[in-house]
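Peer 1: Could you have a look at this structure, given as structure tokens, before my questions?
The values are calculated or read from the model by the stated rules, or taken from the named source; none is laboratory data. None of these values were measured; they are calculated from a predicted model. Neighbour counts run over all protein chains shown; Cβ positions are idealised from the backbone, glycine included. Protein only, heavy atoms only, side chains kept; ligands, DNA and RNA dropped before computing areas. Shrake-Rupley method; radii C 1.70, N 1.55, O 1.52, S 1.80 Å.
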Amino acid sequence: MSGLFLAILGAAFATFMAGIGSSIGVGKAGVAAAGVLSEEPSLFSKVLILMLLPATQGIYGLLVAFLTLQAVGVIGEPVGDISVAKGALYLAASLPIAFSGLISAIHQGKCSVAGINTVSKKPDQMGKALIIPAMVETYAILALLISILAINGIKVLAI
Amino acid sequence: MLFQKEEYIYAVARIRCKESKLLSNKNIEQLISMKDSQSVERYLRDMGWGNSADLSDKDILFSEQEGLWSLMKELVGDLSAFDFLRVQNDFHNIKAAVKAIYTDTSAEHLFLSGGVFESDVIYNSIKNKDYSSLPEFIAATAQEAMGVILKTGDGQLCDALIDKACLTYVGAFAKTADNELIRKYCELFTASGNIKIAVRCARLKKSADFVFRCMADCDSLNIKTMSVAAAKGFDEICNYLLTTDYKNAVVHIKDSLSAFEKWCDNFIMDLMRSQKSDPFSIGPLVAYIIAKQTEIKAVRLILTAKNNSLPDSVIRERIREMYV
């Protein structure tokens, strides 16, 4: 098993796990949004924002995957051979956003559904309805931060 | 839990929009203060009730009731999850049909819509003694009720039999339902039905055995103890209830049965309000149905009172708490 394979496996994890979370989250919120729009089409812009909140984890996963691929020279400048130890470290670096992205996107989707319900009854409470699901985002951002710091740190390690 | 099935997200989101159009306690108070039924009808039309200006007040209420069930059909497809509510109308229609057939009169105006079966199907099944189009539990009840009324001519006994069948059906639903709200509603419905039976039987000085046979099994009351209490008298029922979950109801029962019924309805409405924060389960749909039915009953009461020039205080005494 080569180091490059492990690093690409890490990039794949970050992309598909965070992507699965986002698609579930956006899917749930989308169903709720469709329900509201069938009764109140004028609320489209408000429910759209709430619906798209869980989509960000998928983007974070994609970003981490890009940075990993760049670090191992699959895209951009070639970097030479990647040792198994370094490849394993890249795999480990992708795990925070992979797992945190999956779980936080699903739960953010649930919060968005609740927020869409709130907006459907009280459109003037949009600000509050937006803040609640946005709190879940914090943990995806923390995971993204750790993944990025880890990838940048591993890049300069001489192993 | 991460990937749990959530079937009602779309339906609940639509219901949240509909909830904002329900009449509030304030709206009901405005309707009560209006001088006549024409003003009430005009107000209701402005609120979106009835789909045509030519409809009579009775037709407006009917169209709201029909609209409620057609909305639910659109949202969930299969209405069997709401059978514990719909079947109550079927049992009412059995009572009406049995009495109409026995007295050879028309029961058209007594039938309720919104049951599992069309009232015509129930009426024709009983009249033609062909129960094949009804499920076993309804067919058995209708057949037995018709047999009792033909044999004894006792309408009360016939009602008691049908009421017990209804309570038994709803009580059984409580044991099989997945949703906690439905379980609580069914349990309360059965228990309150049993309490009403016990109080009526105590007033008529019926035996413990008769009372026991009229009541349906439920978890929150010991019907054997209550039937013995009912045979001893009204105070014994109250003493027994003070040891149960229904101790807060005793003061209302002592007032009158209609005060107890109002307490039960308001208690159910409190239960339903817990669904305002649930975006995923069937609970908010059940809460909306009960809220809409309470609203329709309140409007019917107001229209009837206005048409008969009854004082506002009489309406306020009977009106229930609204959902919003």
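Peer 1: Any residue at all in region A:39-51 that is of a type in the set (Phe, Trp, Tyr) and more than 14 Å from every other protein chain (Cβ to nearest Cβ)? Before you say what the answer is, go through the steps one by one.
Peer 2: Taking region A:39-51 first, the residues of a type in the set (Phe, Trp, Tyr) are A:44.
Next cut, more than 14 Å from every other protein chain (Cβ to nearest Cβ) only: none.
No, because not a single residue in region A:39-51 is of a type in the set (Phe, Trp, Tyr) and more than 14 Å from every other protein chain (Cβ to nearest Cβ).
Peer 1: Show me the helices (runs of 4 or more DSSP H) found entirely inside region B:151-232 where at least 2 residues are more than 30 Å from B:Ala291 (Cβ to Cβ) and open to solvent by less than 20 Å² (accessible area, probe 1.4 Å).
Peer 2: Here the list reads B:180-203, B:208-214, B:223-232.
Peer 1: Sticking with this one: Got a number for residues in region A:14-29 being more than 9 Å from chain B (Cβ to nearest Cβ) and open to solvent by less than 40 Å² (accessible area, probe 1.4 Å)? Write out each step before concluding.
Peer 2: Our first condition is that a residue be more than 9 Å from chain B (Cβ to nearest Cβ); within region A:14-29, this holds for A:14-23, A:25-27.
So of that shortlist, the ones also open to solvent by less than 40 Å² (accessible area, probe 1.4 Å) come out as A:14, A:17-19, A:21-22, A:25-27.
Residues that pass the stated criteria total 9.
Peer 1: Looking at the structure I just gave you, is A:Leu4 crowded, with 16+ Cβ neighbours inside 10 Å, within 14 Å of chain B (Cβ to nearest Cβ) and part of a helix (DSSP H, G or I)? Can you show your working first?
Peer 2: Values: crowded, with 16+ Cβ neighbours inside 10 Å: yes; within 14 Å of chain B (Cβ to nearest Cβ): no; part of a helix (DSSP H, G or I): yes.
Criteria not met by A:Leu4.
Peer 1: For region B:149-159, give me the residue count where each residue is modelled with pLDDT of 90 or more and either hydrophobic (A, V, I, L, M, F, W, C) or in contact with a strand residue (DSSP E or B) (Cβ under 7 Å, 6 or more places away or on another chain) (or both).
Peer 2: 3
Peer 1: For the condition within 13 Å of chain B (Cβ to nearest Cβ), open to solvent by less than 40 Å² (accessible area, probe 1.4 Å) and not aromatic (Phe, Trp, Tyr), what is the one hit in A:Ala32, A:Ala65? Don't jump to the end; show me each part of the working.
Peer 2: On the way: A:Ala65 fails: within 13 Å of chain B (Cβ to nearest Cβ).
Sole residue among the options that is within 13 Å of chain B (Cβ to nearest Cβ), open to solvent by less than 40 Å² (accessible area, probe 1.4 Å) and not aromatic (Phe, Trp, Tyr): A:Ala32.
Peer 1: Okay, next question. Give the residues of region A:142-159 that are modelled with pLDDT of 95 or more and either open to solvent by 80 Å² or more (accessible area, probe 1.4 Å) or closer than 16 Å to A:Ala32 by Cβ (or both), sorted by residue number.
Peer 2: Matches in region A:142-159: A:Leu142, A:Leu145, A:Ile146, A:Leu149.
Peer 1: So, one more: Looking at B:Glu7, B:Glu41 in this structure, which one is over 24 Å from the mean Cα position of the chain (by Cα) and closer than 23 Å to A:Ser120 by Cα? Please lay out each step first, then the result.
Peer 2: Values: B:Glu41 fails: closer than 23 Å to A:Ser120 by Cα.
Checking each option against the conditions leaves just B:Glu7.
Peer 1: State which residue pairs qualify: first residue closer than 14 Å to B:Ala202 by Cβ and inside region B:250-266, second residue open to solvent by 60 Å² or more (accessible area, probe 1.4 Å) and of a type in the set (Asp, Glu) in any location, beta carbons under 6 Å apart, and separation of 6 or more residues or different chains.
Peer 2: So the pair list comes out empty.
Peer 1: Can you tell me which residue within region A:118-133, out of those that are away from every other protein chain (no Cβ under 14 Å) and surrounded by 16 or more Cβ atoms within 10 Å (Cβ to Cβ), is nearest to A:Ala7 (Cα to Cα)?
Peer 2: Restricting to residues being away from every other protein chain (no Cβ under 14 Å) and surrounded by 16 or more Cβ atoms within 10 Å (Cβ to Cβ), the top hit is A:Leu130.
Peer 1: Further question: Give the residues of region B:133-148 that are within 19 Å of B:Tyr169 (Cα to Cα), open to solvent by 20 Å² or more (accessible area, probe 1.4 Å), modelled with pLDDT of 90 or more and not acidic (Asp, Glu), sorted by residue number.
Peer 2: Result: B:Ala140, B:Gln143.
Peer 1: Additional query: For region B:282-305, state whether one or more residues are open to solvent by less than 40 Å² (accessible area, probe 1.4 Å) and over 23 Å from B:Asn27 (Cβ atoms).
Peer 2: yes
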